[in-house]
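For reference, the structure is listed below as structure tokens.
Any read-out appearing in this document is the output of simple, stated calculations on the displayed coordinates, not a laboratory observation. Owing to the predicted nature of the structure, the values given are computational and were not obtained by experimental measurement. A quick note on method: Cβ atoms are made from the backbone with ideal geometry, for glycine too, and the neighbour counts reach across all protein chains shown.
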Amino acid sequence: MHGYSTEDDDVTAAPGGLLDLLRVAAVVLDSEGRIVLWSPESEQLLGYRADEALGQRADHLLVSPDNRLRGRELFAQVRSGDRWAGVFPLQHRDGTERPVEFRTMRLRDGQGSPHLLGLAADARTVRRVERDLALSHSLVDQTPVGIAVFDNDLRWVGVNPALERINGLPEEALLGRRVGEVLPDLDVDAIESRMRLVLASGKSLLDQQTVGRTAAHTEERAYSESYHRIEDADGRVLGLAMAIIDVTERQQAATEVAQARERLSVIADAAVRIGTTLDLHQTARELADVAVPQLADLAAVDVLEAVVAHGTTTAVTPDSYAEFRALAVAAGYLTDAIHAADPVGELAAYSPTRIITQCVSEARPVLVERVDSAMMRRIARDSHAAQTLRTAGVHSYLAVPLVARGEVLGTLSLYRTVNSRAFDEQDRILATELAARAAICVDNARLYGRERIAALTLQRSLLPPSPVGHERLDIAARYLPALSEVGGDWYDVLPLSRGRTGLIVGDVMGKGVQAAAVMGQLSTATRALARLDPSPAELLGHLDDITGSLGETIATCVYAVCDPVKGTCALSSAGHLPPVLVRPDGTAELLEVPGGVPLGVGGVPFGTMEQELPSGSLLALYTDGLVENRTKPIDTGLDTLTRLLLRAQGSLEATSDMLLSTLRPEPDDDVALLLVRTLG
């Protein structure tokens, strides 16, 4: 800060600051473009540990083939001495591409060799922080309330324009100084006494009166001050904020401040409560709950049917009907008016004359300051609903479109009943802000739902049908998609020559349609290769070559060839979890299949183990979604699976259902499961 030292200010080093929020990563490349320094934040950003990244060519490890030429050009530019700043896509360890914001510069070591320093952060996080800071700055600058921030030594840290006008002094004249040094004609002792009390206790003081003069006025003025201690997320005291109002004309100023605080509260509440999930219905409920009772007494969220049913957007023309699906209704108090809104979940079609249709067709808010009988008929869904709203006292109405990325998704309808004040222009602005925030969340949920359905449809279409009977084998299989995002898990049962059966379970790293598509290619290749009757290790070798040709793709799998006539099973693994074998004598073990690297790594041969498989043996192949729990070691899940298989009674179908319901009732990752029992 200006005019004083911060050497003893340990708060400046506390976590939770802007750099921690941005998670700024640092990476240093040598003159050949190899990674020589790799910060922990780089691992958070791109997924690679330091031992995986150090020594690697950055363009090979982090840049997709399509972007390598541009990446090398930028590297050469910075190596020559130019700085470069901008957004460049980098490959995450999980195979996805991330937009990364860079600030780069050339460094030289003691021998004069050039190095490149890159400071990087997730571009989406940077944009979000920029938007939030811009919004906060705009709100603080535009508010009529004077706002001051002090450090723990009661020195000025910053003021907003409103307080500059009240003080009659620019911010530069205040920074680093105490109140009495620049405004001696105020009641300095009382002000600083209150500040110390708030800093010590953490309890805010509101509407504290001070009378005195500032440089802006020759006469005494009355001021109302509110004091608040500022803490970070860990409870460390950062300083103190003060809100100051010239209350010489107190009543008008107090009204304006109350309204401003209420709107700020609604916006802050919305930022926390809207969009906590990617569920369309949940997002709609969150929007309705935020709107009442601060902004409206009754709120309804209706989304166009095309968005809900198909995940698409369809423009509503001024002369056409609009089909809506009611997703949420909320009231700030017990009222029959809530029953006048469209019942949640039901479909409603409205004519072009209705306010809600006008709102989406014109993509702009419609404010009805005073609702008369004629306007009520354009608002309510039918005459009975109109009478219910009149009885409840609806006197003002506001419809705001939900617009995201230029597409209209639906409407937020707001009603006032017990609140006697009619909606005004400030309410319209606030409602539009809420709707804009919510619309992005609604659209994200829409796009996510559409992609999940597409991925799940693709996934299921590529999986084999339920296994039919194979000679001397009883087989049951399950695929359970994650509740959040579909991945690339698969299984297959392959008839082979001489009465043998091939079994495979695999997992493509990554999520969504891309993972499902890669899974389909590997599944198809496995079926084709199995017809050539290779050994398990040979088949995995071919799959490894195929995976390597699919780009930045990695998959794990285990392949087994069961020969029930001989009572044996040959198994090979590509970095997959070990199968579980339950013998007829009631013992069980995790089979230690010779370790192999995942498919797509290349260059490492696969091993094969031969395992006796007497009649009555149970073999379980599965993906990590069945046993992995982020809060527990993987061994815990494997032990639980083994115990459940030992105690399993009844058919394999019943056993499969029992395993899924016990281990993964609400899976956060895909699950593929294959159970095989040898028959006499």
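Measuring spread by the Cα atoms of the range 574-680 yields a radius of gyration and Dmax of 14.5, 44 Å. With contacts taken as Cα pairs under 8 Å at a separation of at least 6 residues, the range 469-610 carries a relative contact order of 22 percent. Once you reduce the range 44-61 and the range 216-232 to the center of their Cα atoms, the two points are 53 Å from each other. What's the whole-number percent of alpha carbon pairs in the range 274-453 lying beyond 29 angstrom? It works out to 12 percent of all Cα pairs.
On the basis of the beta-carbon distance and an R0 of 45 Å, residue 590 and residue 28 show a calculated FRET efficiency of 0.60.
In units of 2.2 N^0.38 Å, what is the alpha-carbon radius of gyration of the chain?
Details: Rg = 32.7 Å, N = 680, 2.2 N^0.38 = 26.2 Å.
Its radius of gyration relative to the 2.2 N^0.38 Å reference: 1.25.
The long axis of helix 634-647 is offset from the longest Cα principal axis of the chain by roughly 50 degrees. The Cα center of the range 342-406 and the Cα center of the range 546-598 differ in position by 61 Å.
For the range 45-52, putting each phi into the Karplus relation 6.51 cos²θ - 1.76 cosθ + 1.60 with θ = phi - 60° gives couplings of 6, 10, x, 8, 6, 4, 5, 7 Hz, in residue order, rounded to whole numbers and with x for Gly and Pro. Apply the Debye scattering formula to the range 44-125, with a single equal point scatterer on each alpha-carbon and no solvent, then give log10 I(q)/I(0) at q = 0.14, 0.16, 0.21 Å⁻¹. Taking Cα atoms of the range 44-125 as identical point scatterers yields -0.48, -0.63, -1.08. Gain on full extension, evaluated as 0.36 nm per residue between residue 294 and residue 372 minus their Cα-Cα distance, stands at 25.7 nm.
Computing FRET efficiency as 1/(1 + (r/R0)^6) for residue 666 and residue 497, where r is the C-beta to C-beta distance and R0 is 51 Å, gives about 0.75. Determine Rg/Rh for the range 249-378; Rg is computed over alpha-carbon atoms and Rh is the Kirkwood hydrodynamic estimate from the same atoms. When Rh is taken as the Kirkwood radius, the ratio is 1.01. Could you work out how far helix 652-663 tilts from the main Cα principal axis of the chain, as a 0 to 90 degree angle to the nearest 10? Computed tilt is about 30 degrees.
Once the Cα atoms are used to define both axes, helix 425-462 deviates from the longest principal axis of the chain by about 0 degrees. Taking the charge dipole of the chain about its Cα centre, with +1 at Lys and Arg Cβ atoms and -1 at Asp and Glu Cβ atoms, the residue from 554, 126, 75 reaching farthest to the positive side is 554.
Rounded to the nearest 0.05, what FRET efficiency is calculated for residue 130 and residue 50 with R0 set to 45 Å and r the Cβ-Cβ distance? Once the sixth-power term is evaluated, E becomes 0.95.
With the Cα gyration tensor of the range 463-678 in hand, give its eigenvalues times 5 under a square root as the equivalent ellipsoid semi-axes, listed largest first in whole angstrom.
Values: eigenvalues 111, 95, 49 Å².
Equivalent ellipsoid semi-axes, largest first: 24, 22, 16 Å.
The alpha-carbon of residue 511 sits under 27 angstrom from the alpha-carbons of these lysines, leaving out residues fewer than 8 places away in its chain: 632.
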